[in-house]
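Take a look at the structure below.
The values are calculated or read from the model by the stated rules, or taken from the named source; none is laboratory data. Treat the numbers as computed from the prediction; the structure is a model and nothing was measured. Don't worry about glycine lacking a Cβ; one is built from the backbone with ideal geometry, like all the others, and counts go over all protein chains shown.
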Amino acid sequence: MGSRILILFFGRYQMEPKRICKLINSSSQSKLIEEELKESEEKYRQLVDIAPDAIVVHHHGNILYVNQAGVTLLGAERAEDILGKSFLDFIHPDDQELTRKRIEQVQHKNQTIGAVQKRLIRLDKQCIHVETTAAPIHYKGVLVTQKIIRDVTERVQTEAIMRDREEKYRLITENMCDLIGILDLNGVIQYASPSHRWVLGYSPEIIMGLSVIDFIHPGDLSYFQKQYDRMIQSKSTSQVEFRCRHDNGNWVVLEAQGNPIIEGSGEVKHIVFVARDITERKRSEELLRKTKNLSIVGELAAGVAHEIRNPLTSIKGFIELLQTGITKPEYFEILSMEMNRLESIIEEFLLLAKPQVVDFKETDVNSILYHVITLLHNQAIIKNIEMLYELASELPPLRCDPNKLKQVFINLVKNAIDAIDDRGRITIQTYLIDADTIRVRIADNGCGISDHRLKFLGEPFYSTKEKGVGLGIMVSYKIIKEHQGTLSFQSEVDQGTIVDVNLPLGSN
């Protein structure tokens, strides 16, 4: 026995005899389609209900449906608190007119509205920022509006904070006297602050896209490029001082700090420079230096007069004795010593005051020190002083004036010998303190120098020795400065003194 199915007959009576038209259709297929539609609708409803964004369906503003995310967004506890209300009641008063127009567009013109940002007033009176899209759909046989609403309050607040910060930074940047520039790895100017206009005379728009090298003084270019490359390689901040061409053709001295900007991959992407015009400061420093030099000349003149007067007085006295006929062999020895003292004072004075010809050449620092040690070894033995040396092997050659450096090292080692009464120790060391600098250290365990006296070292006619005139250290400072190096002292009374001479390998 077969299965039973429901058959629907549709017929139409014809006027002609014996003609009946019948349409037979199986209702099983219709029922299957109906069930599939119900299942599809249920799936859609479930998806809408659990959607993370709020979904609201309204007809001319009257809310017909809201999902759970919409209930939460609008500050309700359940959907019934919202259903039947006007959607416009939740719109901020300032945004209602625009919302009303968009509702008309959707329901009367059948248009879909893209993302629009507006403000909603929740049931708890809290104002939130949302982004909405609207589209016409059929709901229960009626053309209605479906809105998808996303809370963007946090994003809007963050954007407002960022805009506020950007505005503050813009105001600071546009009104500060310092220059701010962003360069790429090739030194091409990516950004120039408005201050370039009144500091250097260039409009920022004109110089952006140009190379910073085009503006740097030729004499500073090599130094700048070396520092720039070092910043990129080391990924560290660096300070640089250089001359930059003003739009009027003059040179402006800039003091700049470069900061590498490192991207997510860990590589340097840009260099940000903050620079200031120090031209006037440099002029003031030069004027002060000249004034100080004049003061030093005055001190030197007074000091030389005083130092020369003492041996001259002795010489004059012995000459008067000789004129009376009183002669003793020791008189001539004293006269000779005083004449030698006069000669020594004059030579040191000339070394300090007279410009010297500096002859730079590639030299092994250790070989200079070997000569000094050999020269002064006997003086150390006489005082029972042990002279030790720890000279680093394979030091890179130093571009220097070997005779000038020899003079400095002799002076420093002699001072160390003079600081030890008996049975002391002097240690001479050489080593690299970084890839570009050699250090020569001379340490003794002599009497040491007090902090009060240490700060006067290098001033004319100030000496730690009873018969010194203080020019030796002053001359040494001058020579080391000519080599772009530094000379520093550490000392403690009754413990000894350490002298460090730092010499850059690239000096010239």
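This table checks each residue for (1) of a type outside the set (A, V, I, L, M); (2) surrounded by fewer than 15 Cβ atoms within 10 Å (Cβ to Cβ).
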position	(1), (2)
H196	yes, no
V199	no, no
L221	no, yes
S234	yes, yes
V253	no, no
G264	yes, yes
K269	yes, yes
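Please verify whether E285 is under 26 Å from N411 (Cβ atoms), acidic (D, E), at pLDDT 75 or above and under 59 Å from the mean Cα position of the chain (by Cα), treating the condition exactly as stated. Criteria not met by E285. Each residue in the range 199-213 was checked for being assigned to a helix (DSSP H, G or I) and more than 17 Å from A256 (Cα to Cα), and 4 of them qualify.
Pick out the one residue from E241, E205 that is of a type in the set (D, E) and either closer than 25 Å to P504 by Cα or in contact with an Asp or Glu (Cβ under 6 Å, 6 or more places away or on another chain) (or both).
On the way: E205 fails: either closer than 25 Å to P504 by Cα or in contact with an Asp or Glu (Cβ under 6 Å, 6 or more places away or on another chain) (or both).
Going through E241, E205 in turn, the sole match is E241.
Applying the criterion of being buried (at least 21 other Cβ atoms within 10 Å of the Cβ) and either outside the structural domain of P396 (by TED's automatic domain parsing) or in a loop (DSSP other than H, G, I, E, B) (or both) to the residues of the range 470-500, the residue that is modelled with the highest pLDDT is G485.
For the range 215-226, the count of residues that are over 24 Å from E174 (Cβ atoms), assigned to a strand (DSSP E or B) and not assigned by TED's automatic domain parsing to the domain that holds Q484 is at least one.
Among the residues of the range 182-198, the one identified as part of a loop (DSSP other than H, G, I, E, B) and charged (D, E, K, R) is D184.
When the strands (runs of 3 or more DSSP E) confined to the range 6-91 are screened for residues that are hydroxyl-bearing (S, T, Y) and modelled with pLDDT of 90 or more, those reaching at least 1 such residues are found at 62-66. Which of the residues spanning the range 201-213 are touching a residue at least 24 places away in the same chain (Cβ under 8 Å) and either in contact with a Lys or Arg (Cβ under 7 Å, 6 or more places away or on another chain) or surrounded by fewer than 16 Cβ atoms within 10 Å (Cβ to Cβ) (or both)? Scanning the range 201-213 gives G201, S211, I213. Here is the figure for the range 111-144: residues that are acidic (D, E) and under 44 Å from the mean Cα position of the chain (by Cα) total 1.
Of the residues A392, A435, which single one is touching a strand residue (DSSP E or B) at 6+ places or on another chain (Cβ under 7 Å) and in the same structural domain as D500 (by TED's automatic domain parsing)?
Unique residue meeting the criteria: A392.
Just one of the listed residues (E104, E97, E77) is over 18 Å from I148 (Cβ atoms), more than 56 Å from the chain's Cα centre (by Cα) and without any contact (Cβ under 8 Å) to a residue 60 or more places away in the chain, and it is E104. Scanning the range 104-120 for residues that are over 20 Å from I63 (Cβ atoms) and part of a helix (DSSP H, G or I) gives a single hit, K109.
Tallying residues that are among the β-branched types (V, I, T), part of a helix (DSSP H, G or I) and under 42 Å from the mean Cα position of the chain (by Cα) within the range 411-432 yields 1.
For every residue, the table says whether it meets (1) modelled with pLDDT under 90; (2) crowded, with 18+ Cβ neighbours inside 10 Å.
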| site | (1), (2) |
| --- | --- |
| P329 | yes, no |
| S344 | yes, no |
| L350 | yes, no |
| F360 | yes, no |
| L398 | no, yes |
| V413 | no, yes |
| R425 | no, no |
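Can you tell me which residues in the range 232-271 are touching a strand residue (DSSP E or B) at 6+ places or on another chain (Cβ under 8 Å), under 21 Å from P204 (Cα atoms) and in a loop (DSSP other than H, G, I, E, B)? Listed by number, the list holds a single entry, H246. In the condition set (1) within 18 Å of A192 (Cβ to Cβ); (2) at pLDDT below 85; (3) β-branched (V, I, T), I315 is compliant with all but (1).
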